[in-house]
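The values are calculated or read from the model by the stated rules, or taken from the named source; none is laboratory data. This one's a predicted model, so the numbers in the text were calculated from it and none came from an experiment. Positions of Cβ are generated from backbone atoms using ideal geometry, with glycine treated the same way; all protein chains shown enter the neighbour counts.
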Amino acid sequence: MVDLALSENLVIPTRAAALKRFGRSDARFRLLTLGAALVVVAIFAGIMVSLVSGSWLALSTFGWGFLTSSVWNPVTEKFGAFAAIYGTLISSALAMIIAVPLGIGIAIFLTELCPRALKRPIGVAIELLAGVPSIIYGIWGLFVFAPYFQVHVEPWLIEVFGNVPYMQDLFAGPPYGIGMFTAALILSIMVLPFISAVTRDVFETVPHLLKEAAYGVGCTTWEVMWRIVLPFARSGVVGGAMLALGRALGETMAVTFVIGNAHHINESLLAPATTISATIANEFSEALGDMYVSSLVALGLILFAITFIVLAVAQIMLKSLERRSGGKSS
Amino acid sequence: MNRAIYARRRTVNGIFLVLSAGSAAIGIIALVLILYALLMNGFGGLSASVFTQDTPAPGSAGGLANAILGSVMMSAVAVVVGTPIGMLAGTYLAEYGRHSWLAFVIRFVNDILLSAPSIIIGLFIYQLLVARMHHFSAWAGMAALSVIVIPVVVRTTENMLLLVPNTLREAAASIGAPRAISIRAVTWRAARAGIVTGVLLAIARISGETAPLLFTALNNQFWSTDPNAPMASLPIVIFQFANSAYEDWHRLAWAGALLITATVLTLSIFARLLESRQR
């Protein structure tokens, strides 16, 4: 206190003055943190405003037709988003069909079956791999997976399903290597560590007492998982899957390399296709003309709307689980 | 009858255990294959010139020096800008806001931003900066990366501050420390390792980000430190080189991919070590 008094011309601060000063600096700090927190909201609002204003030209020109048309012609400046939306939804859906059961399987393996000594290393490895950038999956898909898939798997798929009704259309045509199915497989590998990590965390919140009681009355491991753990952890598992779906929908680099960037809808999953993010990534920096740029931004707006809904549902599901397990954050 | 049921339950259980172990095996095999390809091809392309020479024209020798510089510069600025904002915002959520509706909204928005497609961030910064300045620049790339850093730091800061026991806050209050001082000198200090973890995770996240740089920082074939000009970065160079038809560009792309993965994994391991010390 002596120093302070000296610096303020030997006016000895009274208790009230000191409290007042503290109060002011307190208020300033509070405002500072509040301001920083509002920056987050401002960024979010800025994204929405910039997407809407940027896509206004395209949306007002094409109207609802933008969503339903699959014409994408930069030369005549006619644009429709349907092929890209279709590709985004189908590739992500396929990826989830593959990755969710596998991810849950891995989580079950980690929580119930894995020898104790392996549990931590495998768990840590999965968490680390969830952080590997998507471009790594993309370059692997392009150089290693797609060529292998083209030579060894796709001809087989075409042959096996060639005479099966309905399925023959899904696996038809020449084996390109790149295409919808390849993109979906790469996506599923990419979100797999993510799903397993979240699911495992959720499984760990299931009270041991419940599981032990079930084992005690003679349930098998399968019955404990299916009747006790999964129902208890349901909202968390769904939330984790939705979170992964949000990632898959917006994933850019892993998909752009292997989907083929073809703006048409093909029944065959082996044919090249495109997604919203792949279209933007491939075309944006070379897009000429206001209408072209605006149409690409409009694609971004659609993607943002879709992922917002998916991620919001994921938040709600995960929050409800968190509340039930006593506010334990994952 | 009873025995039949018993046998069926055992079979179902057996099938399920095999499936579950099988899915773990599939996952692990896929990820091992990726790492194997990365190591084999990456080390094949790695040499001293990767760090000393700039990105080459097809057919000539070269390295990734300008891309490494660009990645480091842009990530550094993004972290310097994003960390204080994220930390303060996380502090508001954990210390002041907690149960207010505003904090609820901010938390929700932050979690959306955390998983929002990064290419959308690129579009946002493009419209905000590039379209107005009429040229691509490293400034725009830095801005895009900071927007990605902020939510990561907010989330970890809040989580770590919430782990600090309330008794510490009460102890600070009981000796008369005002709120602001108790936060800075007590809670921040107690959560320091955790907050650093968040920053490391944010660096790991942005060092592999490609999509938001595609039409903000663009690319630059030459050594450049001018933030007002386009700037090369590792992920963009990988994207460009891998999509080309030239063998030597492919080799450099693999080398770059190995560098990024090594950086990200090292950072995440450090982050985990710090985090386990915090808890």
Any chance you could count how many residues in segment B:30-46 are more than 21 Å from A:Ile98 (Cβ to Cβ) and surrounded by fewer than 18 Cβ atoms within 10 Å (Cβ to Cβ)? 5
Condition set out of contact with any helix residue (DSSP H, G or I) (no Cβ under 6 Å at 6 or more places or on another chain) and surrounded by fewer than 20 Cβ atoms within 10 Å (Cβ to Cβ), scope segment B:129-138, selection nearest to the other protein chains (Cβ to nearest Cβ): answer is B:Ala131
For the structure I just gave you, tell me whether A:Glu223 is facing chain B (nearest Cβ under 10 Å), in contact with a helix residue (DSSP H, G or I) (Cβ under 9 Å, 6 or more places away or on another chain), surrounded by fewer than 24 Cβ atoms within 10 Å (Cβ to Cβ) and more than 27 Å from B:Pro212 (Cβ to Cβ). yes
What pairs come up if the first residue lies in segment A:115-134 and is facing chain B (nearest Cβ under 8 Å), the second is assigned to a loop (DSSP other than H, G, I, E, B) and hydrophobic (A, V, I, L, M, F, W, C), and their beta carbons are under 8 Å apart, counting only those six or more places apart or on different chains? A:Ile122/A:Cys114
Determine the pairs where a residue that is modelled with pLDDT of 80 or more, located within segment A:8-23, has a partner that is part of a loop (DSSP other than H, G, I, E, B) and aliphatic (A, V, I, L, M) with Cβ atoms under 7 Å apart, the partner being 6 or more residues away or on another chain. none
Filter segment B:220-279 down to the residues that are within 12 Å of chain A (Cβ to nearest Cβ) and not in a helix (DSSP H, G or I), then identify the one that is surrounded by the most Cβ atoms within 10 Å (Cβ to Cβ). B:Ser233
So how many residues does segment A:80-102 have that are closer than 24 Å to A:Ser196 by Cβ and more than 8 Å from every other protein chain (Cβ to nearest Cβ)? 13
Considering only segment B:172-185, I want to know if a residue exists there that is away from every other protein chain (no Cβ under 11 Å), under 25 Å from the mean Cα position of the chain (by Cα) and part of a helix (DSSP H, G or I). no
Any residue at all in segment B:40-55 that is part of a helix (DSSP H, G or I), among the β-branched types (Val, Ile, Thr) and at the interface with chain A (Cβ under 8 Å from one of its Cβ atoms)? no
Filter result for B:Glu158 (assigned to a loop (DSSP other than H, G, I, E, B), under 25 Å from the mean Cα position of the chain (by Cα) and either of a type in the set (D, E, K, R) or more than 30 Å from B:Ala57 (Cα to Cα) (or both)): no
Boolean, B:Ile206 is hydrophobic (A, V, I, L, M, F, W, C), under 25 Å from A:Ile280 (Cβ atoms), in a helix (DSSP H, G or I) and within 12 Å of chain A (Cβ to nearest Cβ): yes
Output for segment B:209-219, where each listed residue is more than 21 Å from A:Ala248 (Cβ to Cβ), at the interface with chain A (Cβ under 7 Å from one of its Cβ atoms) and not aliphatic (A, V, I, L, M): B:Phe215
Across segment A:29-79, what is the total count of residues that are over 30 Å from B:Ile148 (Cβ atoms) and either in a helix (DSSP H, G or I) or within 14 Å of another protein chain (Cβ to nearest Cβ) (or both)? 5
If A:Val144 meets every condition in (1) of a type outside the set (Ser, Thr, Tyr); (2) crowded, with 23+ Cβ neighbours inside 10 Å; (3) within 12 Å of chain B (Cβ to nearest Cβ) apart from one, which number is that one? (2)
Output the number of residues of segment A:226-276 satisfying the condition of being at the interface with another protein chain (Cβ under 10 Å from one of its Cβ atoms) and in a loop (DSSP other than H, G, I, E, B). 2
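Per-residue answers, yes or no, for (1) at pLDDT below 90; (2) crowded, with 17+ Cβ neighbours inside 10 Å; (3) under 22 Å from the mean Cα position of the chain (by Cα); (4) within 17 Å of B:Ala116 (Cα to Cα):
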residue: A:Val229; (1), (2), (3), (4): no, yes, no, no
residue: A:Ala241; (1), (2), (3), (4): no, yes, yes, yes
residue: A:Val258; (1), (2), (3), (4): no, yes, yes, no
residue: A:Ala281; (1), (2), (3), (4): no, yes, yes, yes
residue: A:Ala298; (1), (2), (3), (4): no, yes, yes, yes
residue: A:Ile309; (1), (2), (3), (4): no, no, yes, yes
residue: A:Lys328; (1), (2), (3), (4): yes, no, no, no
